[in-house]
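Chemist: Supplied in structure tokens, the structure appears directly below.
The values are calculated or read from the model by the stated rules, or taken from the named source; none is laboratory data. The model shown is predicted, which means the values in this text are computed figures rather than measured ones. Every residue, glycine as well, gets a Cβ built from its backbone with ideal geometry; the counts of neighbours run over all protein chains shown. Surface accessibility is based on the protein's heavy atoms, side chains included, excluding ligands, DNA and RNA. Shrake-Rupley method; radii C 1.70, N 1.55, O 1.52, S 1.80 Å.
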Amino acid sequence: MPKLERQSKFTEEENSCPSVIKGPRVIKTICATLNSRPGVYRMIDQSGAVLYVGKARNLRRRVTAYTQLNRHPIRIQRMIAATARLEVIETHTEAEALLLESNLIKRLKPHYNILLRDDKSFPYILLTDANSWPRLIKHRGSQSEKGEYFGPFASTGAVNRTLVALQRAFPLRDCTDSVFNSRTRPCLQYQIKRCSGPCVGRISTNDYARIVSEARAFLTGQSRDLQQLLSSRMQEASQNLEFEAAAGLRDRIEALTQIQARQDINVANLGDADIIALVTAGGKACVQIFFFRNGQNFGNRTYFPSRTGGLEDPEIIAAFIGQFYANKSPPPLVLVNTLPLQKALIEKALGSRANRKVVVLQPVRGIRLALVKRALVNAREELARRMADAKNQEELFSALAKTFDLPSPPNRIEIYDNSHISGSHPVGAMVVASPQGFLKNSYRTFNIKDKMPKPGDDYAMMQEVIRRRFGRALREDPERKSGTWPDLMLIDGGRGQVSTVTRTLKELSIDDLIVIGISKGSDRNSSRERFYVEGQSSFILKPQDPVLYLVQRFRDEAHRFAIGSHRARRKKSISKSPLDQIPGIGIVRKRSLLNHFGSSKAIADAGLGDLESVKGISSSVAKQVYLFFHTDR
């Protein structure tokens with residue numbers, strides 16, 4: 001255990017100094033008394049509140065770094081300036097320091113540390129160690145009762161659903177000892193076949209012990225072997241004409257199948273593992289953790305660590321792992337999407353807590369990589385939902401206005417994008433966003449009608465979309481009273497697209513709409529988007545800027561909607577015949593023509609006499625078909 005070697009305090013005279021001088025002076029004074037051993041330090045303000053808890057392999061070197069105020073970000077400078085006292089705990093090893101740091105952060109919740117808020121304990125399934133009649137129950141809290149614990153599960157609901165299925169497959173009692181000892185007749189659990197009735201002697205001790213052994217085998221990952229065993233026993237009972245016993249075994253096999261189907265993923269040879277995925281965007285972080293025990297998915301949990309702004313992913317995930325396992329025993333394997341800082345040290349600390357080897361691994365292929373990617377997708381979705389709530393949206397829209405020098409936060413943003421394949425089936429798309437979220441009822445698609453100078457001319461496509469969108473707006477709402485005019489237009493494209501849109505708006509005598517283009521950099525890096533405003537130099541935003549995340553969401557939604565609209569149009573055209581566009585050609589006549597000529601192309605190439613010779617096609621209809629294919633339209 002870590003031992004308190006030294007605690008340093010300072011006088012009122014030092015605390016009376018101006019804070020900007022006092023903090024570095026306090027730290028510099030204590031540095032003279034520190035040695036180079038590992039340990040944990042606490043920075044405390046004038047009121048006694050803990051500002052920061054940190055660990056160090058070399059206390060003197062680490063703490064001395066805080067005396068050079070100007071070398072730190074403003075956030076850390078404020079922390080140093082507010083420091084009135086420094087307390088140090090030396091430890092024997094750096095691993096002990098890491099464990100102690102995690103415990104102190106969980107308990108003290110310092111203002112400048114990354115905090116993981118988790119006030120709930122995880123539920124488990126407990127197979128008790130009762131002498132003759134073990135119980136199979138849900139358990140939450142300290143694991144003081146003797147028995148085998150299986151879990152953790154992500155939620156109480158996951159445990160309850162699993163227990164219901166387990167009781168059908170393994171009819172073990174769940175009642176307390178007092179209820180068990182006072183029963184004189186079977187309870188409702190026995191009547192619905194979720195208990196074997198040991199309280200009233202409906203099952204022998206040996207048979208009950210066998211069910212306990214089977215339940216333990218299943219919960220430790222031997223489900224396939226157990227299912228085969230039960231199947232052979234069912235066949236044997238059926239051959240011996242013991243149909244009631246065979247039916248009971250059949251029901252248990254069915255229950256086992258349901259349990260296995262209820263798991264999201266069953267991964268052979270995975271064993272016990274936690275899958276952790278971290279996503280950061282817009283200055284916020286989201287961690288998704290999946291629990292696998294004996295290769296079975298026991299559910300997931302989402303966390304939003306605070307005070308992560310400006311920190312790199314390896315540092316955030318290192319802090320998360322340290323605090324998450326501060327009061328939990330880690331599994332032998334922890335899979336992550338980003339390797340934490342000081343990975344070897346974290347593994348050593350976790351191994352010390354679990355009394356066995358613990359490996360932290362970033363997979364690169366196979367099912368393990370698939371599990372991490374799945375957790376990563378969930379983390380992205382959860383973070384998007386968190387960022388999209390009303391309060392965050394209002395703050396982001398205000399930041400957007402400040403970033404792009406808008407007169408006020410916009411109430412309606414229209415985002416435009418095009419989609420086509422080599423110029424075929426071109427579609428323009430408009431997506432609308434507001435502080436309340438995406439306004440999907442206001443989305444619009446524009447099937448491109450004009451003939452373009454060359455296939456896939458994005459400039460010409462965008463020009464048609466803008467002309468049609470605002471030409472209609474000028475006709476229907478020239479006074480702009482309906483609230484359907486945008487405060488800001490975002491264009492998926494660069495300077496050329498912005499110039500095209502601005503020029504088209506001017507042709508419509510509209511010169512007061514703000515147009516911003518967004519394009520990826522030359523390396524197509526999604527965190528290096530470049531922004532274009534007419535008459536200004538292009539610029540980029542910092543990767544962690546919340547406004548960048550907001551605009552990326554807008555751009556991605558427009559891209560998704562444009563591609564979906566293009567696919568729908570293309571699919572419709574594939575199943576559509578040119579004959580459908582000819583007035584007077586219904587199903588019967590179309591069938592006659594196709595049966596005679598074999599294809600639409602052959603009909604288009606046919607002469608007028610050939611068309612007239614088709615049964616059911618009159619001269620007037622034949623002429624109409626011929627003119628359709630041979631006249632410019």
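Chemist: In the range 300-317, which residues are surrounded by fewer than 23 Cβ atoms within 10 Å (Cβ to Cβ) and not in a loop (DSSP other than H, G, I, E, B)?
Modeler: Asn300, Arg301, Thr302, Tyr303, Ser306, Asp313, Pro314, Glu315, Ile316
Chemist: Considering only the range 284-295, state which residues are outside any loop (DSSP other than H, G, I, E, B) and either surrounded by 23 or more Cβ atoms within 10 Å (Cβ to Cβ) or out of contact with any Ser or Thr (no Cβ under 8 Å at 6 or more places or on another chain) (or both).
Modeler: Ala285, Cys286, Val287, Gln288, Ile289, Phe290, Phe291, Phe292, Arg293 - these are the residues of the range 284-295 that are outside any loop (DSSP other than H, G, I, E, B) and either surrounded by 23 or more Cβ atoms within 10 Å (Cβ to Cβ) or out of contact with any Ser or Thr (no Cβ under 8 Å at 6 or more places or on another chain) (or both).
Chemist: Kindly provide the set of residues from the range 533-571 that are under 24 Å from the mean Cα position of the chain (by Cα) and of a type in the set (Phe, Trp, Tyr), ordered by number.
Modeler: Listed by number, the residues that qualify are Tyr549, Phe554, Phe561.
Chemist: Find all pairs meeting these conditions: Cβ atoms under 8 angstrom apart; at least six residues apart or on different chains; first residue within the range 202-221 and over 14 Å from Ile125 (Cβ atoms) and among the polar types (S, T, N, Q); second residue open to solvent by 30 Å² or more (accessible area, probe 1.4 Å) and modelled with pLDDT under 90.
Modeler: Cβ pairs passing all conditions: Thr205/Ser132.
Chemist: With respect to the numbered conditions (1) of a type outside the set (D, E, K, R); (2) more than 16 Å from the chain's Cα centre (by Cα); (3) farther than 23 Å from Gly151 by Cβ; (4) open to solvent by less than 40 Å² (accessible area, probe 1.4 Å), which one is the sole condition not fulfilled by Ala281?
Modeler: (2)
Chemist: Mind checking whether some residue in the range 507-521 is touching a residue at least 40 places away in the same chain (Cβ under 8 Å), charged (D, E, K, R) and open to solvent by less than 80 Å² (accessible area, probe 1.4 Å)?
Modeler: No: the range 507-521 contains no residue that is touching a residue at least 40 places away in the same chain (Cβ under 8 Å), charged (D, E, K, R) and open to solvent by less than 80 Å² (accessible area, probe 1.4 Å).
Chemist: Within the range 46-89, count every residue that is closer than 10 Å to Gly23 by Cα and more than 34 Å from the chain's Cα centre (by Cα).
Modeler: The number of residues fulfilling the criteria is 10.
Chemist: Looking at Arg62, Arg42, Arg57 in this structure, which one is among the basic types (Lys, Arg), closer than 11 Å to Leu86 by Cβ, open to solvent by 20 Å² or more (accessible area, probe 1.4 Å) and modelled with pLDDT of 85 or more?
Modeler: Arg42
Chemist: Under the condition of being surrounded by fewer than 14 Cβ atoms within 10 Å (Cβ to Cβ) and basic (Lys, Arg), which residue from the range 381-420 is modelled with the lowest pLDDT?
Modeler: Lys391
Chemist: Arg468: over 21 Å from Ser434 (Cα atoms), open to solvent by 60 Å² or more (accessible area, probe 1.4 Å) and under 40 Å from the mean Cα position of the chain (by Cα), yes or no?
Modeler: It is true that Arg468 is over 21 Å from Ser434 (Cα atoms), open to solvent by 60 Å² or more (accessible area, probe 1.4 Å) and under 40 Å from the mean Cα position of the chain (by Cα).
Chemist: Moving on to the next point. Could you check the range 444-465 and list, in sequence order, the residues that are touching a residue at least 40 places away in the same chain (Cβ under 8 Å) and surrounded by fewer than 16 Cβ atoms within 10 Å (Cβ to Cβ)?
Modeler: Answer for the range 444-465, where residues must be touching a residue at least 40 places away in the same chain (Cβ under 8 Å) and surrounded by fewer than 16 Cβ atoms within 10 Å (Cβ to Cβ): just Asn447.
Chemist: If we keep just the residues of the range 134-153 that are in a strand (DSSP E or B) and within 15 Å of Thr220 (Cα to Cα), which is least open to solvent (accessible area, probe 1.4 Å)?
Modeler: In this case the residue turns out to be Leu136.
Chemist: Look through the range 67-109, keep the residues that are buried (at least 21 other Cβ atoms within 10 Å of the Cβ) and not aliphatic (A, V, I, L, M), and return whichever of them is modelled with the highest pLDDT.
Modeler: The selected residue is Thr83.
Chemist: Turning to a different aspect of this structure: For the range 17-37, check the following and say yes or no: at least one residue is open to solvent by less than 40 Å² (accessible area, probe 1.4 Å) and closer than 22 Å to Glu315 by Cα.
Modeler: So far as the range 17-37 goes, no, none of its residues is open to solvent by less than 40 Å² (accessible area, probe 1.4 Å) and closer than 22 Å to Glu315 by Cα.
Chemist: Of a type in the set (S, T, N, Q) and modelled with pLDDT of 75 or more: does that describe Ser142?
Modeler: yes
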